[in-house]
Amino acid sequence: MDRRLLLQLGLGAALPARVWAGAPETPRLLVVFLRGGYDAANLLVPTAPFYAEARPNIAIPKGAALALDSDWGLAPALADSVHPLWRHQQAAFVPFAGSRDLSRSHFETQDNIELGQAEQGPRDFRSGFMNRLATVLGSPTRLQAMAFTDQLPLILRGEQPVANQALRDVNKPAITPAQAQLISGMYAGTRFAEAVSGGFEVRDEVAREMAGMKSEDMAAEMQAASRGAIAPKGFALEARRVARLMRERVTLGFIDVGGWDTHVGQGGATGTLATRLGELGRGLALFADEMGPQWRHTVVVVMSEFGRTFRENGNRGTDHGHGSAYWVLGGAVRGGRIAGEQVAVSAATLHQHRDWPVLNEVRATLGGLFRRMYGLNDAQLAQVFPGASPRDLGLI
């Protein structure tokens, strides 16, 4: 049995429990990956007339979008969640962002972004950029990385020990106690013995904590419902639990959210996409609130594998595109601004006559952000994103 099998089993080579906690002043980074390619143009709404022309059925009506600046508005579904963060200068957006990958394949582009490796040359699927970031940042006694997923994602695979825990199945361990005992026995006497046994202890501890959190959240839902209010669901519940762990323990976190592949019946100011954006926004606002004083040390990056076609399709939806818009939230973020390179939205500026272009490449953008957050030098950034040229967008 080797490291790869441990990853497949979901152990993720978890850290021993005694090195679990992160120092309070350590910066926190949470990456939220929207799997499916969300439609950035109905999140960050262009004021250009071409927007309504290209989307006769799904455009957010003029006046319904929340004004950000003269060129952009925000989806009204985020009026009570992310927009207040924008007003408090704790939210920024980076349009025309993404990977140079032109495959328009969910899996190909997700892999490309999560690995964060050089655009040319072979890929190493054992090394994701968040794991390399964890390695560069130093000793695990000062750092805890964790994926809030049922399997360890590519983005966190690598040499640095990382734990993973599914949030929806906290009472359904991927490895039974008997299997855990067997695996620990197989590694007895090796240099991996302590990490393996400690990893199982961490999983059990996190599962117990999350189960308790879930009970508290259910009670909160019931209490809210008794007053006639609709409680946040789905991602919002998970975001609160994530915040509680990141507040005290986790310094590098990852969570993915699905359901963004809106080929049919996408909707505009209301409808399928607006509902999902609303749920996501409520979760992010609850996360910010739950972080408490730690919010000022926290950065949340919301990203997706690609954007979608700027023109709607025949099914009142959108198809796989190219450029997207990233969200950067946090107490230390220089928010209230649209960051990065931009271009006027028109038929002439579309990539291949159909998509937003990518002007703010993902590795360059995140490299510049990490330099600000962690004070990394060029050599360290080259370890995280080989072959990239970090661009400082002034997000911190």
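Bear in mind these aren't lab numbers, they're just calculated from the coordinates by the rules spelled out. Every value quoted in this text rests on a predicted model; they were computed, and no experiment measured them. Because the Cβ atoms are built from the backbone with ideal geometry, glycine has one as well, and the counts that use them run over all protein chains shown.
Compare the peptides 255-264, 27-36, 90-99 by average per-residue count of other Cβ atoms within 10 angstrom and give them in order, highest first.
90-99, 27-36, 255-264
Can you work out ³J(HN,Hα) from phi for every residue in the range 337-344, in order, using Karplus 6.51 cos²θ - 1.76 cosθ + 1.60 and θ = phi - 60°, giving whole Hz and x for Gly and Pro?
8, 9, 9, x, 5, 9, 9, 4
Is the range 261-382 rounded, prolate or oblate when judged by the Cα gyration tensor, a ≥ b ≥ c being the square roots of its eigenvalues, rounded requiring a/c under 1.5 and prolate requiring a/b larger than b/c? Mind showing how you got there, number by number?
On the way: a/c = 2.66, a/b = 1.35, b/c = 1.97.
Oblate, since a/c reaches 1.5 and b/c is not below a/b.
In the neighborhood of Ala147, defined by Cβ-to-Cβ distances under 10 Å, what is the net charge if each Lys or Arg adds +1 and each Asp or Glu adds -1?
Neighbourhood net charge equals -1.
Where the centroid of each part is defined by its Cα atoms, how far is the range 75-128 from the range 243-267 in Å?
12
Could you check the simple spin-label distance between Thr349 and Asn315, using points 7 Å along Cα→Cβ, in nm with one decimal?
Reported label-point gap for Thr349 and Asn315 is 3.0 nm.
Find the relative contact order for the range 73-170 and round it to a whole percent, using C-alpha pairs within less than 8 Å whose residues are 6+ positions apart.
The normalised contact order for the range 73-170 reaches 20 percent.
Roughly how many nanometres apart are two label points built 7 Å out from the Cα toward the Cβ at Ser103 and Asp69?
3.4
Which ³J(HN,Hα) values, rounded to whole Hz and listed in residue order, are derived for the range 269-285 from phi using the Karplus coefficients 6.51, -1.76 and 1.60 in 6.51 cos²θ - 1.76 cosθ + 1.60 with θ = phi - 60°, glycine and proline given as x?
Per residue, the Karplus-derived 3J(HN,Hα) values read 5, 10, x, 4, 5, 4, 4, 5, 5, x, 5, 4, x, 4, x, 5, 5 Hz.
Quick query: amide H of Asn164 versus all other amide H atoms, modeled in the peptide plane; which residues come in under 5 Å with a sequence gap of 5 or more or a different chain?
Close amide H contacts, sequence-distant or interchain: Ala147.
Charges only on Cβ, +1 for Lys and Arg, -1 for Asp and Glu: so what's the dipole of the range 27-166 about the Cα centre, in debye to the nearest 20?
The dipole magnitude comes to about 260 debye.
Work out, step by step, the length gained on full extension between His263 and Gln89: first 0.36 nm times the residue separation, then minus their alpha carbon distance; give nm to one decimal.
Additional length available on full extension: 59.3 nm.
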